[in-house]
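Notes follow the structure.
Quick note: the coordinates plus some simple rules give every number you see, no bench work behind them. Owing to the predicted nature of the structure, the values given are computational and were not obtained by experimental measurement. So basically every Cβ, Gly included, is an ideal-geometry build from the backbone, and we count neighbours across all protein chains shown.
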Amino acid sequence: MYSERTLIISGSEKGLDGLTSFLKTCGCGSIATVSSGSEARRMIHHDDYGLILINTPLKDEFGYQLSLKLSESTCSGIILVCKADAADDMVNRTMDYGICVVPKPLNKNALLQAVRLGSAFHNRLLLMQKENNKLRAKLEEVRYVSRAKFLLITEQNMSEEAAHRYIEKSAMDTRRTRKEVSLEIIARYE
């Protein structure tokens, strides 16, 4: 069901073993485990994870701040497992960050549902990130083309339409992108 890399952060060895075996039955492929927030922060800089499960409390912190940090810096689906008496408070604190809170003692169906939601959330974030990157690239191209047109207008006394046509035609004739042609024009006049 879920083949992305998974990170389990748990201060309890027993919790770590139980969550690892459960996630393997869910279809999670590669599972990495750590016991503290500081270890998790170091690992995040080196690897990408589709799902991050935080079993609170951790050895060096509770795990709440870590979950917020990870939600802001990764595209991972994040599940925060905490005692039932703290779960409602954690839900209210993490809801705006897209973090799924599961109360202890664990209900296998609730945890399975959280894993599925985390997977869906991760996939959705990846699609949004891909679209965002595409829009950024398009915006960058528009900036370069606009700068090149400005330079053609001021340096070659072309009209805006003529400058636009020149960039388009040069790109087609030389089988390059408008950005490449624009960068060449910018380099020539600046």
Seminar exercise, completed: Note on segment 6-106: alpha-carbon gyration tensor, axes a ≥ b ≥ c; rule is a/c under 1.5 for rounded, else prolate if a/b larger than b/c, else oblate; result rounded
Problem set entry | About the Cα centre, charge dipole magnitude for the chain (Lys/Arg +1, Asp/Glu -1 at Cβ), debye | 400
Problem set entry | Protection proxy ranking of 57-63, 140-146 - average other beta-carbon atoms within 10 Å, highest first | 57-63, 140-146
Problem set entry | Summed side-chain charge close to Cys28 - residues other than Cys28 whose Cβ falls under 15 Å, Lys, Arg +1, Asp, Glu -1 | 0
For this session: Could you point to the residue in Ser73, Pro105, Ile52 farthest towards the positive end of segment 6-106's charge dipole, with +1 and -1 charges on the Cβ of Lys/Arg and Asp/Glu respectively?
Result: Pro105
For this session: Mind sorting out which of [x] 9.5; [y] 14.7; [z] 10.1 is the real mean projected area of the Cα convex hull in nm² computed from the coordinates?
Result: [y]
Problem set entry | Non-local Lys pairs in segment 6-106, i.e. 8 or more apart or on different chains, that have alpha carbons under 20 Å apart | 9
Exercise. For the chain, what are the DSSP H helices with axial Cα length of 30 Å or more and mean Kyte-Doolittle hydropathy of at least -1.0?
Worked result: 108-156
For this session: Straight distance only, please: which lysines reach the Cα of Lys138 with their own Cα at less than 27 Å, same-chain residues fewer than 8 apart left out?
Result: Lys130, Lys149, Lys169, Lys179
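Could you please report the charge total around Tyr49, scoring K, R as +1 and D, E as -1 over all other residues with beta-carbon less than 15 angstrom from its beta-carbon?
-1
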Problem set entry | Total formal charge among the other residues, if their Cβ is under 12 angstrom from that of Lys59, Lys/Arg +1 and Asp/Glu -1 | -4
Exercise. How high is the relative contact order of segment 133-189, given as a whole-number percent (alpha carbon pairs under 8 Å, six or more residues apart)?
Worked result: 41
